Structure formats: structure tokens, C-alpha cells
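Report on the following structure.
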Amino acid sequence: MINKCLFPAAGYGTRFLPATKAMPKEMLPVLTKPLIQYGVEEAMKAGITTMAIVTGRGKRAIEDHFDVSYELEHQIRGTEKEKMLADIRDVIDVCTFSYTRQREMKGLGHAILTGETLIGDESFAVVLADDLCINKEKGVLSQMVELFKKYRCCIVAIEEVDATETEKYGIIDGEEIKKNIFRVSNMVEKPLPSEAATNLAIIGRYILTPDIFDILRETEPGKGGEIQITDALLQLAKAGKVIAYKFEGIRYDCGSIDGYVRATVELYNLEQEKKGSSCA
Ligand code: UTP
């Protein structure tokens, strides 16, 4: 029912300069895996196999990552190291990838609109790969796809953030219609703490219905001069067509140095625990 996942990956990643000068932010590794591969694997677990990626200049490494590397395959075939390619081989075997370029970085809303050509007239998931979400039992996108089957409208993933940090996020307001599920009545992009209605922040997982494209086409630049997905979604929210879901799991903001380091340390510790328990 949700068959496609869109990955807006055209941003400059300026918080990671100079690392992101010639390399896409989405290719930064947490342990041995690039951020975007975590996102693709999360989508696969939610039953999605068509990945649509919005890239920009200097993002070729993403396309190469999701393609076969014959030289490398030849070099390590039959060696111990071969198992390190197991996950990415699986991704390449199961999924199809298509790409389009956002020529000017006019914001997340504009990036999503750029992806229309890859999505067409169907509901779809959106993953911002720099938000790394971990849930061992059921991935965040799997949880959201399940919810979509019931509500059949746009869904944004939210989490409670520190009240001083509302300026970094889109903030929703609404009525909690069921535990952890809100019918959104208002949403504002990056409000000052003094102006935020709640501390419920939108993170980088969405399910969108295709009517969002027509709205985005008409959406004027908002905060920061960028076309904001929050502004477009507000129109649907006013018609009662947006659900916010407080997901189960941990999110690491890998678009920031602090979040990236935390993800690296915590995932490393988890790996060590796994190794420890498999030796015992
Ligand atoms: P961010 O604002 O977090 O990413 O956008 P950024 O601009 O790459 O990073 P900084 O702030 O300069 O460090 C959230 C997501 O939206 C995508 C980004 O790639 C990221 O996944 N995005 C943003 C686009 O694809 N196009 C845009 O014009 C803006």
C-alpha cells in the first residue's frame, strides 16, 4: 500500500563542513554503515522496495553506494571480508533506486516536490536520513505504515523535545485522540520557545498523500526563505487530514555533531553487548 519511499538528500550539510564539502552528509557512516543505508533498511523492513532519492550536485557517492562495485566484489570474493558486504548486497538485490536532482536548495518542501516525478499519484513515505531511528522490534516507518492502514491520511512522526529547543523543529498542536496519536490542528515551523504551543516536534519520518504536491506547488517560501513542508501540511491539518504519531524508539539527530557522536557511541556499545552475549 505504501510502495515508495522518498529520501530528500540534496541539502548542503553545512554543520559537517569540511567533511561534507565533497561528500554527501547522507554518506557519513555510523560505525560501518552510511546514514542513508540505515534509512533504506528501515523502509525495507516496512515492506517498501522502491527508493526514490532527491540528490544534488556532489552526491554521486549515494548512487555508487547502491550499485554493484565489480572491482571490489572481485577483490574480496571468498575472503573473510565478504560478509561485510552482506547487508548492502541484500539491499541492492531487493530494492530499486531512482534519482532526480534538486537544482536549487529551496528547502525540504521543495525537495519533496522535486521528487514528484519519481513518486507519481500515490501515497508515499519520506525519510530524512540524518535522523537515525532505532527500534529493534519494529522500525519507526513500520509503525507508521501500520497506522496509515487505519487512518489513510498524512502522518508525521513526533517526539517531545526540550522546551528550549522548539526553534530547531516543526512543532505541532492538536488533540490526543488515542495514546500517542494526535489529530493535528496547527503546526508551525521553528517557533521561538515563547511562541511554541507544545514541545511536540516533527522528526524526519513522514507518510504523505499525493495531494501534498499540488499544495507544495502553491506554497510560498516561509521560515528561512525556504519552501517548508510544515506550511504545506498545515493546509491538510486544517481539514483534519494530518495525524502526528509519538513513535516508539530512539532518534539520533545525526545532522548535528552531538547527535552523530551519541549515535556512534551508543550503537558501538550495542554492538559490543551483542558480541559479548554471543561469546558467552
Ligand atoms: P537540513 O536543513 O537538516 O539539512 O534538511 P542540510 O541543509 O543538509 O544541513 P545543514 O543544516 O546545512 O547542516 C533536512 C533534510 O532535508 C534535505 C536535507 O538533505 C536533509 O535530509 N533538504 C533540505 C533537501 O533535500 N533540499 C533542501 O533544499 C533542503
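The table that follows gives values for the structure above.
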{"read-out": "Search result, residues across segment 81-119 that are of a type in the set (S, T, Y) and either exposed (fewer than 12 other Cβ atoms within 10 Å of the Cβ) or assigned to a helix (DSSP H, G or I) (or both)", "value": "T96, T114, T117"}
{"read-out": "Condition met for E104 (under 17 Å from the mean Cα position of the chain (by Cα), farther than 24 Å from V30 by Cβ, within 16 Å of the ligand (Cβ to nearest atom) and of a type in the set (D, E))", "value": "no"}
{"read-out": "Tally of residues being small (G, A, S) and touching a Lys or Arg at 6+ places or on another chain (Cβ under 7 Å) across segment 12-34", "value": "1"}
{"read-out": "Selection count, segment 56-80, where residues are assigned to a helix (DSSP H, G or I) and either closer than 23 Å to T14 by Cα or of a type in the set (G, A, S) (or both)", "value": "6"}
{"read-out": "Candidates P34, P8, filtered to the one that is in contact (Cβ under 8 Å) with a residue 12 or more places away in the chain and more than 22 Å from L208 (Cβ to Cβ)", "value": "P34"}
{"read-out": "Test: residue in segment 156-174 that is of a type in the set (V, I, T), under 27 Å from G259 (Cα atoms) and assigned to a loop (DSSP other than H, G, I, E, B)", "value": "yes"}
{"read-out": "Of all residues making up segment 109-133, the number that are within 17 Å of E218 (Cα to Cα) and within 13 Å of the ligand (Cβ to nearest atom)", "value": "7"}
{"read-out": "Some residue of segment 47-62 being on the phi > 0 side of the Ramachandran plot and either at pLDDT below 95 or more than 12 Å from the ligand (Cβ to nearest atom) (or both)", "value": "yes"}
{"read-out": "Those residues of segment 12-31 which are crowded, with 22+ Cβ neighbours inside 10 Å and either modelled with pLDDT under 95 or within 6 Å of the ligand (Cβ to nearest atom) (or both), in sequence order", "value": "P24, K25"}
{"read-out": "Qualifying residue in segment 232-251 (condition: out of contact with any strand residue (DSSP E or B) (no Cβ under 9 Å at 6 or more places or on another chain), surrounded by fewer than 20 Cβ atoms within 10 Å (Cβ to Cβ) and closer than 20 Å to L147 by Cα)", "value": "yes"}
{"read-out": "Subset of segment 198-231 that is among the hydroxyl-bearing types (S, T, Y) and more than 17 Å from the chain's Cα centre (by Cα) - its residue that is surrounded by the most Cβ atoms within 10 Å (Cβ to Cβ)", "value": "T219"}
{"read-out": "Of all residues in segment 41-55 being touching a strand residue (DSSP E or B) at 6+ places or on another chain (Cβ under 6 Å) and either not in a loop (DSSP other than H, G, I, E, B) or not β-branched (V, I, T) (or both), the one that is surrounded by the most Cβ atoms within 10 Å (Cβ to Cβ)", "value": "A43"}
{"read-out": "2 or more residues modelled with pLDDT of 95 or more and away from the ligand (no atom under 16 Å from the Cβ): qualifying strands (runs of 3 or more DSSP E) within segment 195-280", "value": "200-208, 242-246"}
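The values are calculated or read from the model by the stated rules, or taken from the named source; none is laboratory data. The model shown is predicted, which means the values in this text are computed figures rather than measured ones. As a convention, Cβ positions derive from the backbone with ideal geometry for all residues, glycine included, and neighbour counts pool all protein chains shown.
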